[in-house]
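Engineer: A single structure is presented below for examination.
The values are calculated or read from the model by the stated rules, or taken from the named source; none is laboratory data. These numbers were taken from a predicted model, which means no experiment stands behind them. So basically every Cβ, Gly included, is an ideal-geometry build from the backbone, and we count neighbours across all protein chains shown. Remember, those area values only see protein heavy atoms, side chains included, never the ligands or the DNA or RNA. Shrake-Rupley method; radii C 1.70, N 1.55, O 1.52, S 1.80 Å.
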Amino acid sequence: MLKEYNPYLEYKDGELHLEGVSLKNLAKEYGTPLYVYSASYIRDRVRAYRRAFPEALICYAVKANFNPSIITLAKEEGAGADVVSGGELYLALKAGVDPSKIVYAGVGKTVQEIEFAVKQDILMFNVESSMELDVLNDVGQSLGKKVRIAIRVNPDVDPKTHPYISTGMKKSKFGIDIKQAKKEYEYARKLKNLEIVGIHCHIGSQILDVSPYIEAVEKVVELYWDLSKSGFDIKYLDLGGGLGIKYQPDQANPEPEDLAHAIMPSLKDVKAQIILEPGRSIVGNGGILITQVQFLKDKGHKHFVIVDAGMNDLIRPAIYSAYHHIVPVVERNSKYIKTDVVGPICETGDFLALDREIPYVERGDYLAVLSAGAYGFAMSSQYNARPRACEVLVEKGSVKVIRKRETYEDIIYSY
Ligand code: LLP
């Protein structure tokens, strides 16, 4: 069952290993909470995208995990980057991503961020509003450059995922209503410092059923032909990210190939290059959060396992009621307990699992929280003045610290 999450994850003599490295030894050496990532898994996932979409540009969505070593892995496998802030652009460049493979989305880009990206000559901006077109045009003028753009269209498709991570519906703040898009393209055409090169669309995240993609792509392709007829030279169709991953034991871990089978038929006559922006489906099941049991508490009607990873380390359960599978790092026996697995933070929402059956544990045991590679460390904070966790990358038996655990001093310096 573990192998369905990550083929490099296995028990050896009752101890959990990732790429041949004992997670118990890592926890002892580097302390907990500890994020551990599998480089081979991440490489495999980029390769799987490249195999499924041989002609496409795969832009790894840096927001899922912005550790420069992780971005570097994706880059080494041929990926570009999808960024959403000046900071992410900075990190992508630091990791050596070629600017001609960087796309930049986001509803609230500042002038400073835009200038930075224009100077770097990135592939294109994914524009989210009419006003942004004007600002991009102004920046282009002041820097004496033509700014390449795609308009992010909102196709009003329900991706059937958590409402907080649905982005392609009418009511969401993202993109421009696909019905208004042509008008905006006509407007952009009049702006001298813009070069219209693409159409962008991203409907949401953790999408397990590929049918909403088909619906969205069909609408985008319709716009593509309409624009082409009106003389626009659309070179890129950026279809966003969003492919889901296995979190629950009974969920599937869809392959990029499944997505290709779903959408490629609608794209067969399209001449534009396809861009995809996967984040979670590259790194999600490449990462594990190791935490140590601090206390057990039985309130009669309810049992608690209190661990040292809090919502500041992994906030997904708190804000999306997300399920993360939890397994012991060292197997004990087959006895199970029904429990809440909670963190040390002063919030009722500080939990990793509620009413979950997990194998019996004792104080000091280590637990592995699976599927934590995407939006795990990336969304972590110092809430309750807790230094952020250490991150370690393993590859075929080798171990590399890719971010040191923060100290109390670091908390002061970050103010
Ligand atoms: N492209 C754009 C424009 C996006 O907004 C996103 C994610 C992606 C690509 C990558 O999507 P992915 O392939 O990772 O699904 N914090 C939430 C997820 C937020 C996703 C935001 N946008 C979570 O933990 O589930």
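Engineer: Under a no-solvent Debye model with one identical scatterer per Cα of segment 105-278, what's log10 I(q)/I(0) at q = 0.14 Å⁻¹?
Structural biologist: With no solvent term, the Cα-only Debye profile gives -0.73.
Engineer: Enter the per residue convex hull volume of segment 1-120, computed from alpha-carbon coordinates, in Å³ rounded to the nearest integer. The partial results should precede the final answer.
Structural biologist: Working: hull volume 16.5 nm³, N = 120.
Convex hull of Cα atoms, per residue: 137 Å³.
Engineer: Between their Cα atoms, which of Lys171/Lys229; Lys145/Lys271; Lys246/Lys302; Lys28/Lys63; Lys179/Lys229; Lys101/Lys146 are more than 19 Å away from each other? Can you show the working numbers first?
Structural biologist: Numbers: Lys171/Lys229 29 Å; Lys145/Lys271 26 Å; Lys246/Lys302 28 Å; Lys28/Lys63 29 Å; Lys179/Lys229 16 Å; Lys101/Lys146 17 Å.
Violating the 19 Å limit, Cα to Cα: Lys171/Lys229; Lys145/Lys271; Lys246/Lys302; Lys28/Lys63.
Engineer: Enter the angle in degrees (range 0 to 90, nearest 10) between the Cα long axis of helix 256-267 and the first principal axis of the Cα atoms of the chain, meaning the one along which they spread out most.
Structural biologist: Approximately 20 degrees, to the nearest 10.
Engineer: Just how much of Met131 is accessible, in Å², when a 1.4 Å probe is used and the result is rounded to the nearest 10?
Structural biologist: In the full protein context, Met131 sits at about 150 Å².
Engineer: Using C-alpha positions alone, give me the convex hull volume of the chain per residue in cubic angstrom. Walk me through the intermediate numbers first.
Structural biologist: Values: hull volume 57.4 nm³, N = 415.
Convex hull of Cα atoms, per residue: 138 Å³.
Engineer: Something else now. Would you pull out the residues with amide H under 5 Å of Leu352's amide H, same chain only if 5 or more places away, H placed 1.01 Å from N?
Structural biologist: Those lying under 5 Å, H to H, from Leu352 are Val341, Val342, Gly343.
Engineer: Now for a different question. What number, in percent, do you get for the relative contact order of segment 105-278 if the mean sequence gap of Cα pairs under 8 Å and at least 6 apart is divided by its residue count?
Structural biologist: Relative contact order, segment 105-278: 20 percent.
Engineer: May I ask you to rank Glu218, Glu128 by accessible area, largest first, using a 1.4 Å probe over the protein chains only? Working shown, then result.
Structural biologist: On the way: Glu218 100, Glu128 10 Å².
Sorted descending by solvent-accessible area, the residues read Glu218, Glu128.
Engineer: Specify which residue in the list Pro33, Gln251, Gln180 is farthest towards the positive end of the charge dipole of the chain, using unit charges on the beta carbon of Lys, Arg (+1) and Asp, Glu (-1), about the Cα centre.
Structural biologist: Farthest towards the positive pole: Gln180.
Engineer: Find the relative contact order for the chain and round it to a whole percent, using C-alpha pairs within less than 8 Å whose residues are 6+ positions apart. Let's see the in-between values first.
Structural biologist: On the way: 950 pairs, mean separation 79.7, N = 415.
Relative contact order here is 19 percent.
Engineer: Could you report the accessible area of Tyr375 in Å², rounded to 10, computed with a 1.4 Å probe on the protein chains as they sit in the structure?
Structural biologist: Accessible area of Tyr375: about 40 Å².
Engineer: Given a 1.4 Å probe and every protein chain left where it sits, what share in percent of the accessible area of the chain is carbon and sulfur? Please report the intermediate quantities before stating the final value.
Structural biologist: Numbers: 8990 of 17550 Å².
Roughly 51 percent of what the probe reaches on the chain is carbon or sulfur.
Engineer: Using protein chains only and a probe of 1.4 angstrom, how many square angstrom of Glu4 are accessible, to the nearest 10?
Structural biologist: Per-residue accessible area (Glu4): approximately 110 Å².
Engineer: What would the Debye equation give as log₁₀ I(q)/I(0) for segment 275-391 at q = 0.22, 0.23 Å⁻¹, counting only Cα atoms as equal point scatterers?
Structural biologist: -1.30, -1.41
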